[in-house]
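Working notes, structure below.
The values are calculated or read from the model by the stated rules, or taken from the named source; none is laboratory data. As the structure is a prediction and not an experimental result, all values here were calculated from the model. When we count neighbours, we look across all protein chains shown, and the Cβ atoms used for this are built from the backbone with ideal geometry, even at glycine.
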């Protein structure tokens with residue numbers, strides 16, 4: 001959003017607004033409004049994914065992806081394509097949330113960057129998790145999404161969903177007494193690719209790489225050092 | 001946000017007869033201003049959210065770069081820190097060197113923003129909140145932050161994050177932490193707190209930077225909240241003793257007491 005705004009702004013600055021023809025100005029403003037609409041569409045798309053995922057409507061959730069979109073949740077590995085994504089989601093439980101279950105994956109805090117051509121976008125989201133099954137303790141979880149989107153024939157879709165689990169704990173015990181490790185790749189339905197990054201959830205610490213540049217300095221955040229982790233061998 | 005966009009459109013409709021007499025250039029100037037305002041609102045929201053992601057991973061240097069050189073920071077009851085450098089000093093002294101620490105979780109999830117851009121487009125305000133999920137337990141800061149646009153870039157001008165409630169993992173039905181205070185931990189602030197208030201089970205209504213969106217009336221200026229009174233009054237003196245033990249200390253993570 002911001003970079004595209006800057007690009008348009010740079011254009012506008014290069015040629016003072018009043019030196020531009022009415023047609024040029026209308027075209028520039030139309031572009032800026034399109035990017036605002038794109039950002040809203042991406043926000044709605046990802047929020048909708050969350051509402052489908054909560055109720056285990058896997059068919060609906062998988063339909064939001066591009067034909068060769070990818071889905072990666074924690075350390076389960078990467079699933080590619082709508083069919084594989086839908087089957088990967090079945091590993092969480094059957095289609096349709098069962099009675100006595102809670103599967104909330106709340107999505108908040110989006111930082112959305114739409115490419116200047118309005119055809120792709122990236123976003124970081126905060127994911128808050130509340131899980132429950134009858135007869136078992138509840139689970140609190142939290143994590144970060146770093147996702148990508150593509151506009152195909154005028155419709156925004158998820159081209160890459162990557163959820164980095166930060167931490168999961170038993171509701172009653174809390175972090176000081178319970179740290180639930182992530183699931184590994186499934187033997188029943190193995191992923192198309194291994195996990196793209198190897199890391200541990202809490203008590204381990206990991207920084208999901210930032211897709212956006214620092215909003216004030218404009219510098220890349222790619223060089224932020226990862227904290228060391230003896231268990232996964234990261235120095 | 002939507003409401004205000006509608007309001008803007010409403011105003012435009014009311015102003016329609018005047019528009020008919022404007023040149024296309026004048027109408028485009030107005031359109032430019034409206035689009036810029038929407039872009040500014042998005043950008044200000046984004047800076048607030050990026051702040052949250054930096055807090056989560058202990059990225060204090062990156063976080064301090066979100067602040068203007070002469071910005072101020074005030075969190076909880078700790079007092080005022082003046083300038084970008086002091087923001088960094090505060091974070092690194094109070095919470096350690098840059099980077100997340102093994103076994104530590106301190107997520108400050110950001111949501112519910114109300115953004116307003118000043119008519120001149122140079123400053124902005126946000127009321128928003130964070131939901132803190134940490135190894136220590138739960139927390140609810142509420143922000144009333146001011147932003148400034150310098151050379152086309154939005155930065156924090158004033159960050160203010162008074163606490164609503166902090167509790168241990170057992171929850172706010174079990175215990176509550178008192179508000180922080182200037183000498184609770186290092187570093188000491190540059191100036192004392194702008195407002196003395198207590199957190200849950202007491203409360204203080206943080207003044208709203210914007211009027212009621214339906215009635216258009218501003219938020220009442222007099223202090224509102226339990227135990228709130230102007231500095232120097234007996235009521236305010238008494239409020240300082242609420243939640244403290246006889247020796248004047250404020251116990252942490254004890255059951256709420258009045």
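Here are some notes:
- Look at (1) more than 10 Å from chain A (Cβ to nearest Cβ); (2) in contact (Cβ under 8 Å) with a residue 60 or more places away in the chain; (3) under 22 Å from residue A:32 (Cβ atoms) and you find that residue B:45 fails only one, number (1).
- The one condition in (1) modelled with pLDDT under 95; (2) closer than 23 Å to residue B:166 by Cα; (3) in a helix (DSSP H, G or I) that residue B:78 fails to fulfil: (3)
- For region A:44-61, the condition holds for no residue, the condition being that it is surrounded by fewer than 15 Cβ atoms within 10 Å (Cβ to Cβ), more than 13 Å from chain B (Cβ to nearest Cβ), on the phi > 0 side of the Ramachandran plot and more than 16 Å from the chain's Cα centre (by Cα).
- The set of residues in region A:28-47 that are under 15 Å from residue B:30 (Cα atoms) and out of contact with any helix residue (DSSP H, G or I) (no Cβ under 8 Å at 6 or more places or on another chain) contains only A:30.
- Taken residue by residue, region B:24-34 has no member that is touching a residue at least 60 places away in the same chain (Cβ under 8 Å) and in contact with a strand residue (DSSP E or B) (Cβ under 7 Å, 6 or more places away or on another chain).
- Remark: residue B:154 falls outside the filter, which requires a residue to be closer than 23 Å to residue A:108 by Cα, at pLDDT 90 or above and not in a strand (DSSP E or B).
- Yes/no for residue B:22 being under 30 Å from residue A:30 (Cα atoms) and more than 11 Å from every other protein chain (Cβ to nearest Cβ): yes
- Applying a threshold of 8 Å to beta carbon distances and a minimum spacing of six or more residues, or different chains, the list of pairs starting in region A:82-93 at a residue that is farther than 20 Å from residue A:68 by Cβ and ending at one that is part of a helix (DSSP H, G or I) and at pLDDT 95 or above is empty.
- Residues satisfying the stated conditions in region B:208-226, i.e. surrounded by 13 or more Cβ atoms within 10 Å (Cβ to Cβ) and at pLDDT 85 or above: B:208, B:209, B:210
- Restricting attention to region B:56-67, the residues that are in contact with a helix residue (DSSP H, G or I) (Cβ under 7 Å, 6 or more places away or on another chain) and crowded, with 20+ Cβ neighbours inside 10 Å total 7.
- Residue in region B:51-67 that is more than 7 Å from chain A (Cβ to nearest Cβ) and in a strand (DSSP E or B) present: yes
- Only one entry in A:206, A:199 is facing chain B (nearest Cβ under 8 Å), within 26 Å of residue A:88 (Cα to Cα) and out of contact with any helix residue (DSSP H, G or I) (no Cβ under 8 Å at 6 or more places or on another chain), namely A:206.
- Some residue of region B:165-176 being touching a helix residue (DSSP H, G or I) at 6+ places or on another chain (Cβ under 7 Å) and buried (at least 19 other Cβ atoms within 10 Å of the Cβ): no
- Condition broken by residue B:160, with the remaining ones in (1) part of a loop (DSSP other than H, G, I, E, B); (2) more than 14 Å from chain A (Cβ to nearest Cβ); (3) touching a residue at least 40 places away in the same chain (Cβ under 8 Å) satisfied: (1)
- Hits in region B:101-144 - residues which are surrounded by 21 or more Cβ atoms within 10 Å (Cβ to Cβ), in contact (Cβ under 8 Å) with a residue 40 or more places away in the chain and at the interface with another protein chain (Cβ under 9 Å from one of its Cβ atoms): B:107, B:109, B:110, B:137
- Within the option set A:217, A:166, A:176, being modelled with pLDDT under 95 and at the interface with chain B (Cβ under 8 Å from one of its Cβ atoms) holds for one residue only, A:176.
- Search result, residues across region B:68-94 that are within 14 Å of chain A (Cβ to nearest Cβ) and either within 23 Å of residue B:195 (Cα to Cα) or in contact (Cβ under 8 Å) with a residue 24 or more places away in the chain (or both): B:68, B:71, B:84, B:87, B:88
- Neighbours by Cβ (under 7 Å, 6+ apart or cross-chain): first from region A:218-230, exposed (fewer than 11 other Cβ atoms within 10 Å of the Cβ); second in a loop (DSSP other than H, G, I, E, B): A:222/A:209; A:225/B:99
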